Structure formats: structure tokens, C-alpha cells
Amino acid sequence: MPSDLAIVPAHGFTGHVDRPFFRRIAERLNRHYAVVALSFRGHGRSCGKTSVGPEEVHDLDAAVRLAHDRGYSKVALVGFSMGGAVAMLYASQDLDEPPAAVVSVSAPSRWYIRQTPAMRRVHWLLEAPHARLLAPILGVRLGRPWPSVPASPIEVVHRIAPTPLLLVHGDRDHYFPAEHALALHRAADDATARLWLEPGMGHAETGMHPGLVDRIATWLNETCTKTSEERTSTQVVA
């Protein structure tokens, strides 16, 4: 495994670094790579309030910068649900140091999804004034509603190229049906995006198992090594 690569795992809504499912994934990834894990704003022990997506891009940027400051020349992102959307939003920007690769697990393609009972409950929590008072019980502190709707992942996913992108989604996801991953894959760059539809998999961190984490680690190893070799070859030819 490349020693110059660090992984930044990004949790989903109401998650944080001390959640058991997320911690197990981070520890499993740490068998292969250095890991810089973060709790997004308004989650767990982090300060502030969550924007449920767009402002968390700055938190992810801080974690990536920390990994580079620690001496890792390449940083890959592995995001889950909201964290997967944040990873795509981040990687779609015009960055001085783009990620080595992006893995998005169980992410939505669009905002305001209400097609499942689970997401209708999430929107009730986000939108009903009395419901928002319950959010701290779930370990999350909510910011104000969006003043305007930010770009959704499906609108920006094509900008991630040439960074390699892996979309992972389960066929038993009770938050976002697999059609979200299919739509993202269609909108992404054909040459750099891959899609894994996982039979029997549920949603995000809770749907992961050790074998899938290891497969993602193997994909990162093969992809980031290949990308580095191609860049080196290009530099030599130039």
C-alpha cells in the first residue's frame, strides 16, 4: 500500500468520529493507510451548527490540509451519505491540490429527497420548528435553513474528473434508492467514474461490512498507484 496516501473518511448526517459504525470503518481503513477522521460542524464534539451539506465542504478542506501538513502528498476521500455528497461538492471545485480519489457511499444525487419514509422523517426534523429542538438528542446541532438552494451533487459530479470517482450504493438503501447512484454515474465522466451496486447492502456506515471496506481500500491502492504512474509518465514525456 502507498505510504504517501492518507484517507479522510467523512460521516453522514447525525454521525461523528465516536459513532461505533464509523469508528470501525476508520479503524479498518487504518489497517491500510493513515487516516485523518473528522466530525463535521454541529456533530458530536465539534463546535458550530451543521448546514447539512454545503458548509461542511470547509470542514473537509481543513482535514485534507491537515493530512498534507502531516506529510502525505496524496489524500483520498471516503464519504458516507451526507459525507459522500460533501466529498463530491469538495472535489468538484477548482482546487490547487485535488484529491487523489473520491469514494462516495450511499450519497443522494439531489437535495430535498422525500421519496422514502426515512427521508421524510429527516425533513420533518430539519423543517418543523418544534422538531428541530430534538436534534441535540441525536447528537447534532442544526443551523439555519439554507437562504438559497446550493448546487446538488448531480449538478457538479462531472467536474470531479480527472480525479477518479467510485460510487458505492446498496440495493436495500432505505434512505436513497439505488437510482441516485445510477443518476450520479450517468452524470459523471465515463472515463473516471465507476459504480458498485452492492446486493443486500443498506445505507452508508451501517450498511458497510469489513470485506467491502477492504475492497474499497484495494480500489484506492490500485487507482492511486495508477494515477501517480500516469502523472509521472506524463511529466517524463513533457
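The values are calculated or read from the model by the stated rules, or taken from the named source; none is laboratory data. A quick note: this is a predicted structure, and the numbers were derived from the prediction, not measured. Neighbour counts are summed over all protein chains in view; Cβ atoms, including those assigned to glycine, are modelled from backbone coordinates with ideal geometry. Heads up: the accessible areas ignore ligands, DNA and RNA and are worked out on the full protein's heavy atoms, side chains in. Shrake-Rupley method; radii C 1.70, N 1.55, O 1.52, S 1.80 Å.
Determine, yes or no, whether Ala191 is part of a loop (DSSP other than H, G, I, E, B) and either open to solvent by 10 Å² or more (accessible area, probe 1.4 Å) or polar (S, T, N, Q) (or both). Considered against the rule, which asks whether it is part of a loop (DSSP other than H, G, I, E, B) and either open to solvent by 10 Å² or more (accessible area, probe 1.4 Å) or polar (S, T, N, Q) (or both), Ala191 comes out as yes. Please work out which residue is most open to solvent (accessible area, probe 1.4 Å), limiting yourself to region 39-73 and to residues that are without any contact (Cβ under 8 Å) to a residue 60 or more places away in the chain and acidic (Asp, Glu). Result: Asp69.
Let me confirm something: among Thr227, Thr223, which residue is in contact with a Pro (Cβ under 9 Å, 6 or more places away or on another chain), at pLDDT below 90 and either open to solvent by less than 30 Å² (accessible area, probe 1.4 Å) or in a loop (DSSP other than H, G, I, E, B) (or both)? Answer to the check: Thr227.
Within region 106-115, identify whether any single residue is loosely packed, with under 13 Cβ neighbours inside 10 Å, modelled with pLDDT under 95 and under 25 Å from Leu165 (Cβ atoms), and answer yes or no. Yes: one or more hits.
Of the residues screened, Arg120 is not one that is surrounded by fewer than 20 Cβ atoms within 10 Å (Cβ to Cβ), modelled with pLDDT under 95 and farther than 15 Å from Leu184 by Cβ.
Name the residue that is nearest to the chain's Cα centre (by Cα), counting only residues in region 133-185 that are surrounded by 13 or more Cβ atoms within 10 Å (Cβ to Cβ) and β-branched (Val, Ile, Thr). Taking the candidates together, the pick is Val168.
Of the listed requirements (1) at pLDDT 95 or above; (2) over 19 Å from Leu77 (Cβ atoms), Asp190 misses just one: (1).
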